[in-house]
1. If one computes the Cα centroid of the stretch 184-233 and of the stretch 460-514, what distance in Å separates the two points?
2. Amide H of Gln231 versus every other amide H placed in the peptide plane: which residues, excluding those fewer than 5 positions away on the same chain, fall under 5 Å?
3. Could you give the radius of gyration (one decimal) and Dmax (whole number) of the Cα atoms in the stretch 346-458, in Å?
4. Excluding residues on the same chain fewer than 8 positions from Lys561, give the lysines whose Cα lies under 22 Å from its Cα.
5. What net charge do the residues around His381 carry, taking every other residue with its C-beta under 14 Å from that of His381, with Lys and Arg at +1 and Asp and Glu at -1?
6. For Lys115, go through the lysines and keep the ones whose alpha-carbon is under 21 Å away, minus same-chain ones fewer than eight residues off.
7. Give or take rounding to whole Å, what are the principal axis extents of the alpha carbon atoms in the stretch 187-246, in descending order?
8. Taking H as built 1.01 Å from N, whose amide H comes closer than 5 Å to the amide H of Leu203, not counting residues under 5 places away?
Amino acid sequence: EREVVQKKTFTKWINSQFSKTGKPPIQDLFSDLCDGRRLLELLEGLAGHELVRLERGFTRVHSLNNVNRALQILQKNNVELVNIGSADIVDGNHKLILGLIWSVILHWQVKDVMKDLMAGLQQTNSEKILLSWVRQNTRQYPQVNVVNFSSSWNDGLAFNALIHSHRPELFDWSSLEKKASAIDRLEHAFSRAEKHLGIERLLDPEDVAVRHPDKKSVMMYVTSLFQVLPQSVTMEAIQEVETLPKARATPTAGVTMVTTEQHYQIQTQERYSQQITVSVAQGRVRSPSPTPPRYKSCAYTQAAYVTSPDQKRRRFADQFLTPSQEDLQRGLSPLPPGTATLEGYQASLEEVLTWLLSAEDGLQGQPPISTQVEEVKEQFHTHEGYMVELTSHQGSVGRVLRAGSTLLMEGQLTNEEETEVREQMNLLNQRWEHLRVASMERQSRLHEVLMDLQHQQLKQLTDWLDVTEDRIKRMGAQPLGPDLEDVKHQVEEHKLLQEDLELEQVRVNSLTHMVVVVDENSGDSATAALEGKLQLLGDRWAAICKWTEERWILLQEILLKWQHFTNEQ
C-alpha cells in the first residue's frame, strides 16, 4: 500500500515540475524513467539549465548511459544515493526507483527550500526543523499535537491548523471542527491550499486518512506549505522537538514532591546508576544497573593483514584474478565444440557489460576517503563488500571470454564477425583489468588512511590519560571539605571530570572496534605488541573510571551528611 501511495504522490510531484517547464507529464513512474531521458529532463528542470546531451538510441546500452549520466549529476549535486545503480533503474526496480525520486525530492524540495533557515539556525536535520516549524505554528490549537509526519496528520486538523494560523480569513476554525469525517477535513485543507496558496494536490484524502500515512508523502506536502508560508523558527521550538519522546507512549504527566534529603538520595542513585566498572582481562563490562554503560574497555579486533600493494596483490591473487589470465594459465580451456553460439555469446556479453558498467559506476560513486576515522571504517567495510561482489562476478566474465575463444577456434565466423568478437574480448578484458586494479588501489589507500587515523587516536588517548592521571592525583591529594561550600566546590569540580570522561568515551568506543592492518611477515609480533598496548591503555582507562565512580559516591555521601547536619541545625 505504501508503494502505491508513494508512486502516486511522486508521480504528481514530477508532473508538477514538468508543468513548470512545459514538458509532457509521465504516465507510469516505473516504466517512463527506465530509459533515463525523462529523468534527465526532470533534473534539467530542477537545475534550471541544460545539463548533458541525451543518447538518442533505444538499446539497453543507451538507456544505461542516460541513467548513468543522471546519477553522476545527482552525485555532483551532493544528492545522497544508497545502493542505486543505473541497471536498477533500467530494469524498473520499484523500490529503488522510489528511493531515487525521494532522494531528488529531499534535495530539491525539502533541503533546498529550507537551506537558508537551517544555515541561520546552524542546524542540519531538515526533518527536525520542519517539525519545529509545524509545532510552533499550531501551538494555539489544543486539538493539534504534531509529533511526527505520519499518524499526527491523519485526522486533517494539522493541515488545516497550519493554513489557518497564517490565513485565518480563509475559513472559520469552529466550523471546521464540526466536520465529523477526516476525509472531509483533509479535502477542506487540500482544496483551500490549492485555491488560495497555489499548492498542487499532491496528496489524496483517502491516502492520508489511514492509521499510518506515508511519512515521505506527508513531508513533501508540508514542505510545499512551508515554501509559501512564513518560515521563522525559534530555538525554543527546536529544543521542544528534541525533547519529544522517540516513538514510544508518553506516560501520564504527574507531579511528585521530593524532600531535600530525598533529592540528594535520588541524585546519588541516578549518578551511580550511570557509572560502570571495567574488566579488561575478561573483555566484559559490568554495570550495577540496567542502564547503558558510559565507560567501556578498549577491545581489539584483528580485521585484515595488508602491507604493500605488491604483497596485497599476491594475497588476492587466488580469489581475484583477471579471468583472461586465469584462462590463459589453463590454456583458455574453451567450451566443448558446438556448445557456443554467436547469439548466446552476444547475449552473455551484453549482460556482463551491463553489470560491468554498474560496477564501474559503483566504484566511481564511492565518496572520497574521509578524514574522520569512523567514516573511513565505514568506507573500508563498504569497499570490502564491493570487492566481494567483484569476486563473485569474475566467473561470468571468464565464461564470456571462454565462449568467445570457442567461437574463434571453431572457425565458423565470417572475417567481420571474428574481428568484432576479438575486439569485444579485448575491450571486456581491459575494462575488467582496469576495474580490478582501481578497486585494489582504493582498498590499499583505505588501509593506509585508516591505520594512520587510528594511530593518531591511540596517541591522543595516551596523552589524555597522562593529563587525567595527573589531574585525579591532584584532586585526590586535596582533603574533602572541611565545610559545606568546599564540598560543593569539589562536587562541581568532579562533575567537570565526569563530563571529560563522557567526551573521551567517543574515542574509546572507536578503539573498541579497531581495524588493524599489519605486515604479513611480522603479523604475530606486531599483533602481540598492539594487544599489549591496548591492554595497558584499557587498564589505565579502567582505573580512572573506577576512581571517578568511587570518588563521586564518597562526595555524595559527604554532601548528604552535610544536608542532614544542616537540617538538624
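Any read-out appearing in this document is the output of simple, stated calculations on the displayed coordinates, not a laboratory observation. Since this is a predicted model, take the numbers as computed values, not measurements. Glycine also receives a Cβ, built like all others from the backbone with ideal geometry; neighbour counts cover every protein chain displayed.
1. Here the answer is 52 Å between Cα centres.
2. none
3. Expressed in Å, the Cα Rg and Dmax of the stretch 346-458 come to 18.6, 66.
4. The reachable lysines, counting only those whose Cα sits under 22 Å from Lys561, are Lys488, Lys495.
5. Every neighbour counted, the sum reads -3.
6. Correct list for Lys115: Lys76, Lys128, Lys215, Lys216.
7. Each principal axis gives a Cα extent; for the stretch 187-246 these are 33, 29, 17 Å.
8. none
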